[in-house]
Structures are given as C-alpha cells and as structure tokens.
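Below: the structure, in structure tokens.
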Amino acid sequence: MPKLNVNIDHVATIRQARLVDEPDPVWAASACMLGGASGITMHLREDRRHIQDRDVQLVRQLGGVMLNLEMALTEPIIKLALKLKPEQVTLVPEKREELTTEGGLDCVKIASKLKLATKRFHKAGILVSAFIAPDQKQLEASCTAGVDAVELHTGEYANATSPEKIERCINEITEAVEMGWEMGMTVHAGHGLNYRNIGPIAGIDGIEDFNIGHSIIARSIFTGIQVATREMLDLIDKHWQIG
C-alpha cells in the first residue's frame, strides 16, 4: 500500500494569520501520525509565510516521525536542512508572489546546481526528491543529478475538468511512474489531490508516497485531523487494491 505524508503547512497558515501560538503544527504532526500517516511534510519557504524554523526543529525531534522537508534550492535553506537533517528533502521551485507551488522544478535548466546540492544532502545522510512534471526530460535530468526519488506534480490532473484531459493526465502520470522506476528512482505524487480525485491516481501501480495537505487540513475542521488523515488513507487503500 502506498504511504501518506501529510503536509501541515496550512495549520501554520491559520496560526500566522493572527501571529499567535495556535494552532501548533507540532500538535498537528502528532495527530496525523496517530491517524496513520507515514510521515509529515513541511515547506519551509524563504518568506516564512507559514512554517517557521521552530516548527521544523520541533517536528524533527518527535520520535517516530519521518520528516519530508520541502524547500527551494537556496543556500540559507540548504544550510538549515543540512543542520536539521530531515529524513528527506523535496526540492521545489518557489516564487514569492505565488499562492502555492505552481509547477515542477526545471531539472534540465538547473542540472548542475541540482547535482551539487544532491551530493551535499547525500553526504549528510539525507534522501533527495525532486518535485517535477510527469515529463521524460525532467525524469532523465533528475536521474542524472542522482536524486533518490521524484514527486510527480499532479496539479494539471487535479485542475482538469474534461474527461479527455483527465484521461490524458492519468496516462502521462502512469507512464512517468514506469519511467521513474526504470531509471532507478522511487516515485511519489502530490499537489491538488483531495478526497474526490485521489481514486484514479491511487490506483496507479508504483506510486510509493502521496504528499497531501490542503484537503486534509480543510476536512479536519469538521472531523479532526486524526480522522481526516485516516479517511484519506482508507481511500488510498481502497483504490490501490482495485488498481
């Protein structure tokens, strides 16, 4: 069964709206793990719009939590990651004006920089994942850089409205999953996935991890985050078995 890493960024978004001390992402991380999550994903942005350094430091100290730190390839964040040593970093593009990550990392364009950063993380014992579009050239560039995994950007699928486009996106993701494994990389998926659209993607054989945040945090307002996590896991399990 694929694993679920819950992205808790938007717990911090609510806290930062008032610049107070609640809700605490650290408590959210613990509740997600009790709900069955395999890990916690946090995006430490350069502008610190939601997750703060303290949040990452405290979640890193929680026993039994696999921390996946999303981050841009900027030197201050790289140095912090090397100091905190999360189990995995996921390298993403970042623009200050965007509401959320808008696309995949262009691994072809930044091939040399990506390769050097990957070596630094590996030296510190940190696994590296690249957040990319389900595209052959991006997969090849990621493989050449030596990353351990790729996380396929599912945003186009999540935003598709016509049956034809949805089917095309599913086929592209399926092909990318197969290519990723053939190149020796683990394959993850995330972005825009929710309780309504997870089914077809969960049914694709070969996706090892899902990184899902906004939908789970939104649902948790009504159910609690532990239950919301469990419900997403149940859907993934159901469709994975069917697939």
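Length gained on full extension, Gln16 to Lys79, computed as 0.36 nm times the residue gap minus the Cα-Cα distance: 20.3 nm.
Partner lysines whose Cα lies under 20 Å from the Cα of Lys79, excluding those fewer than 8 positions away in the same chain, are identified as Lys95, Lys113, Lys115, Lys119, Lys123. Backbone geometry of the range 154-169 corresponds, through the Karplus equation with coefficients 6.51, -1.76 and 1.60 at θ = phi - 60°, to 3J(HN,Hα) couplings of 9, x, 5, 4, 4, 8, 5, 10, 9, x, 5, 5, 4, 5, 4, 5 Hz, x marking Gly and Pro. Think of it as helices only: each DSSP H run of n ≥ 4 in the chain is worth -39500 (n - 2.57), and spread over all residues that comes to -15000 deg cm²/dmol at 222 nm.
Using +1 at the Cβ of each Lys and Arg and -1 at the Cβ of each Asp and Glu in the chain, identify which of Ala28, Leu69, Leu82 lies farthest towards the dipole's positive end. Most positive-ward Cα: Leu82. Listed values for the range 28-45 are Karplus-derived 3J(HN,Hα) couplings in whole Hz (6.51 cos²θ - 1.76 cosθ + 1.60, θ = phi - 60°), namely 4, 4, 4, 5, 4, 5, 5, x, x, 4, 8, x, 10, 10, 9, 9, 8, 7, and x replaces Gly and Pro. Residues whose amide H falls under 5 Å from that of Ala130, counting only those 5 or more places apart or on a different chain, are Leu91, Ala149, Val150, Glu151, with hydrogens built in the peptide plane. The range 117-150 and the range 1-58 have their alpha-carbon centroids 24 Å apart. Computed 3J(HN,Hα) for the range 183-200, one whole-Hz value per residue from the Karplus formula 6.51 cos²θ - 1.76 cosθ + 1.60 where θ = phi - 60°, is 7, x, 10, 6, 10, 10, 8, x, 3, x, 6, 9, 5, 8, 10, 5, x, x, glycine and proline marked x. Normalising the average separation of contacting C-alpha pairs (under 8 angstrom, six or more residues apart) by the number of residues puts the relative contact order of the chain at 21 percent. The average projected area of the range 38-134, computed from the convex hull of its Cα atoms over all directions, is 6.4 nm².
Packing, as the average of other Cβ atoms within 10 Å across residues, places the peptides 1-13, 57-69, 35-47 in the order 1-13, 35-47, 57-69, highest first. The convex hull of the Cα atoms of the chain, projected and averaged over all directions, covers 12.4 nm².
Where a number appears in this text, it was derived from the coordinates with a stated rule and is not lab data. These numbers were taken from a predicted model, which means no experiment stands behind them. Ideal geometry is used to build each Cβ from the backbone, glycine not excepted, and the neighbour counts take in all protein chains shown.
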